[in-house]
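Below is one structure, written out as structure tokens; comments come after it.
Nothing in this text is a laboratory measurement; each read-out follows from the coordinates by a stated rule. Keep in mind the model is a prediction, meaning the values are calculated, not measured. Here the Cβ is made from the backbone with ideal geometry for all residues, glycine too, and neighbour counts use every protein chain on show.
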Amino acid sequence: MIETIEDAAGAYRDVTGKAGAPLAVVKAQVHAGGRGKAGFVRLVKSVDEATQAARFMLSNRMVSPQTPPGGLEVKRLLLAAGVDIAKEFYLAVTTDRSTNRNILIASAEGGVEIEEVAKRNPAAILKEALHPLAGMHPHQARRLAYTLGFKGKTVHAAASAMQALARVYVERDCALAEINPLVLTPPTAAHPDGQVLAIDAKFNFDDNAMFRQERIKAMFDPTEENEHEMRAGKFGLNYIALEGNIGCLVNGAGLAMATMDTIKHFGGRPANFLDVGGGATEEAVTEGFRIILSDEAVKGVLVNIFGGIMRCDIIAQAIVNAAKEVGFTVPLVVRLEGTNVDAGRRLLNEARGAIPTMQAATDLADGARKVCAAVGG
């Protein structure tokens, strides 16, 4: 693993010297797929080529179908010895929500994005449901290995990889455990059937299980996360950045989804998902407004609160606080209903002079219509 262009030469000499061959691969280490097509996975055969690849990757943002439009900054590279590849395969374990069971997905078309394979040739995707307690049975793994085309000793090696992947998925509380590609090397005198090697992998973990995965938790890299999402998490807010221009502040995940759908229905584009929950404090909600307004893409804000546990007066006071501390220079549409709604509306009426861009909405549809009109949606 390297972090500077200058480290590439030494890393190249190290990995190729140990492998006894000049071929190496340079890979950008980012939380997104599609690296190869974007030019951020490169085979190199010399110190100069390794340095040039490192210079390109560390000096450019990676843009792929799995990154934001502006791409991702690459801060680390992995240099590894090259491998002779006869065939590439795909293996993954995830949870099938339709059957409520873990499932192993396999394909003989590895090395590319599995989503593209599924679109182009759905029949190439093999699926095997796993037992909730026993995991993947040996006979399941062997059958899949034969179906994928493994022969001889490689059948056992591929089956072992499948069973190990199924185990680690459960033991490490994964949301996705993926090997892409799993490769078969060409036959040699030492390995007449070839070797089965996992040369790249990706793991996603269940955030709710981190309390029992201390080793995984220690690997967390905040520089790879969205800055606004990190800030929101510190205040117990559920925030996800999107690509629109209408900021949303809502209480409850279901209501937040409905709010975004309604904005879309009236021609607008949500800039975020922000659920303040039922027990958020005035300070936390104020921080939520700071996060929304710090996004330069936001041209309008819709507040949609149906107060059950969350009190409307807390939201109203947070709006007033945000107006004082941050300032609302964009249109603000507020819909309040529920617990302490009269007190909340009174606070907002008293603050109208300080928030000239604010207007009230009678219901969700009215609020979405007004904010979309205000931003030109």
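With +1 on each Lys and Arg Cβ and -1 on each Asp and Glu Cβ, and nothing else charged, work out how big the dipole of segment 141-219 is about its Cα centre, in Debye to the nearest 20. Present the calculation step by step, with values, prior to reporting the outcome.
Values: 10 positive and 8 negative charges, 59 e Å.
Value, rounded to 20: 280 debye.
How many angstrom lie between the Cα centre of segment 96-138 and the Cα centre of segment 141-192?
Using only Cα atoms to place each centre, the spacing works out to 13 Å.
Taking Cα atoms, how many degrees apart are the long axis of helix 364-375 and the longest axis of the chain, rounded to 10 and kept between 0 and 90?
Compared with the principal axis, the helix lies near 80 degrees.
Going by how many other beta carbons lie within 10 Å of each one, how would you line up Asp295, Asp342, fewest first? Show your work: numbers first, answer last.
On the way: Asp295 16, Asp342 10.
In increasing order of surrounding Cβ atoms, one gets Asp342, Asp295.
Please list, in chain and number order, the residues 5+ apart from Ala201 or on another chain whose amide H is under 5 Å from its amide H, with Hs placed from the backbone.
Those qualifying (amide H under 5 Å, at least 5 residues apart or on another chain) are Asn180.
As I understand it, the value is the acute angle between the Cα axis of helix 47-59 and the longest principal axis of the Cα atoms of the chain; what does it come to in degrees, rounded to 10?
Around 10 degrees separate the two axes.
So, counting K/R as plus one and D/E as minus one, what does the shell of residues with Cβ under 11 Å around Gly33 add up to? Don't jump to the answer; show the numbers that get you there.
Working: positive: Arg35, Lys37, Lys202; negative: Glu113, Glu115, Glu116, Glu178, Asp200.
Spelling it out: positives minus negatives among the neighbours equals -2.
Taking 8 Å as the Cα distance limit and 6 or more residues as the minimum spacing, I'd like the relative contact order of the chain as a percentage. Provide the component values of the computation, followed by the final result.
Details: 729 pairs, mean separation 36.7, N = 377.
This gives 10 percent for the chain.
Would you work out the relative contact order for segment 250-340, in percent, from Cα pairs under 8 angstrom that are 6 or more residues apart? Can you show the working numbers first?
On the way: 121 pairs, mean separation 28.2, N = 91.
Computed over segment 250-340, the figure is 31 percent.
In a Debye calculation with equal point scatterers on the alpha-carbon sites of the chain and no solvent, what is log10 I(q)/I(0) at q = 0.08, 0.09 Å⁻¹?
-0.57, -0.69
Considering the dipole of segment 76-161 built from charges on the beta carbon (Lys and Arg +1, Asp and Glu -1) around the Cα centre, which of Leu79, Asn121, Ser98 is farthest to its positive end?
Ser98
Order these by the 10 Å Cβ neighbour count, fewest first: Thr286, Thr281, Thr185.
Working: Thr286 21, Thr281 13, Thr185 18.
Going from least to most buried by this count: Thr281, Thr185, Thr286.
Any chance you could check the Cα centroid distance between segment 314-331 and segment 11-89 for me, in angstrom?
46 Å
Would you grab the residues whose amide H sits under 5 Å from the one on Gly300? Only those 5+ places off in sequence or on another chain, please, with H modelled 1.01 Å from N.
The answer is Gly247.
How charged is the neighbourhood of Ala241? Take every other residue with its Cβ under 10 Å from the Cβ of Ala241, and add Lys/Arg as +1 and Asp/Glu as -1.
Computed value for this residue: -4.
Rounded, prolate or oblate for segment 87-217? Axes are the square roots of the Cα gyration tensor eigenvalues, ordered a ≥ b ≥ c, and the cut-off for rounded is a/c under 1.5. Don't skip to the end; give the middle numbers.
On the way: a/c = 1.69, a/b = 1.50, b/c = 1.12.
It comes out prolate by the Cα gyration axes.
Roughly how big is the chain's charge dipole about its Cα centre, with Cβ charges of +1 (Lys, Arg) and -1 (Asp, Glu), in debye to the nearest 20?
Working: 41 positive and 43 negative charges, 160 e Å.
The dipole of the chain has a size of about 760 debye.
Within the set of other residues whose C-beta is less than 14 Å from the C-beta of Gly376, count the net charge using Lys and Arg as +1 and Asp and Glu as -1.
On the way: positive: Arg269, Lys299, Arg369, Lys370; negative: none.
It works out to a net charge of +4.
Quick one: putting +1 on the C-beta of Lys and Arg, -1 on the C-beta of Asp and Glu, what dipole do you get for segment 216-299 around its Cα centre, in Debye to the nearest 20? Display every interim value, and only then the final one.
Values: 7 positive and 13 negative charges, 46 e Å.
Using only the charged Cβ atoms, the result is roughly 220 debye.
How would you classify segment 227-375 from its alpha-carbon gyration tensor, with a ≥ b ≥ c the square roots of the eigenvalues: rounded for a/c under 1.5, else prolate if a/b is greater than b/c, otherwise oblate? Walk me through the numbers on the way to the answer.
Working: a/c = 1.20, a/b = 1.07, b/c = 1.12.
Rounded shape, in that the Cα axes give a/c under 1.5.
Could you give the angle, 0 to 90 degrees to the nearest 10, between helix 138-148's Cα long axis and the longest principal axis of the Cα atoms of the chain?
80 degrees
Among Ala19, Ala81, Ala53, whose mean-square fluctuation peaks in a Gaussian network model of the chain (Cα, cutoff 10 Å)?
Ranking Ala19, Ala81, Ala53 by mean-square fluctuation puts Ala19 first.
Where does the chain land at 222 nm, in deg cm²/dmol rounded to the nearest 500, when only DSSP H runs of n ≥ 4 count, each adding -39500 (n - 2.57), divided by all residues?
-11000 deg cm²/dmol
Sorting Asp221, Asp193, Asp207 on the 10 Å Cβ count, fewest up front, what's the list? Let's see the in-between values first.
Values: Asp221 10, Asp193 16, Asp207 13.
With the fewest neighbours first, Asp221, Asp193, Asp207 line up as Asp221, Asp207, Asp193.
What full-extension length gain, to one decimal in nm, is calculated for Lys45 and Glu6 as 0.36 nm per residue of separation minus the Cα-Cα distance? Don't skip to the answer; put the middle values down first.
On the way: separation 39, 0.36 × 39 = 14.04 nm, distance 1.70 nm.
Residue separation times 0.36 nm, minus the Cα-Cα distance, leaves 12.3 nm.
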